[in-house]
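To start, the structure itself, in structure tokens.
Since every read-out is calculated from the coordinates, none of them should be taken as a lab result. Computed from a predicted model, the values in this text were never measured in an experiment. Note that we place each Cβ from the backbone using ideal geometry, even for glycine, and neighbour counts take in every protein chain shown.
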Amino acid sequence: MGLTGTNGRRLSLVARSIGGGEVEITRVDDRPVLFNGSAYEFLAELPVDQAPAARALLAADGALLEDRLRL
């Protein structure tokens, strides 16, 4: 499965059915993830120098729930 952004960049997704009409997304652009709809989740890819500002913005809003996972 794939998605195309407004800038024309394509993302590849791997998803699987978990029954009851639900799916889990398990890979985005060959990176492991686990999105199953049990929470509102946000995935951002940023240049390293912009990560502290993004982290501060999410933390200030109370939206930062856990540390990022580096794989």
**Prompt:** With r defined as the distance between the Cβ atoms of residue 57 and residue 4 and R0 fixed at 22 Å, what FRET efficiency is calculated, to the nearest 0.05?
**Reply:** 0.25
**Fill in**
The set of residues whose placed amide H lies less than 5 Å from the amide H of residue 27, leaving out same-chain residues fewer than 5 positions away, is 14, 33
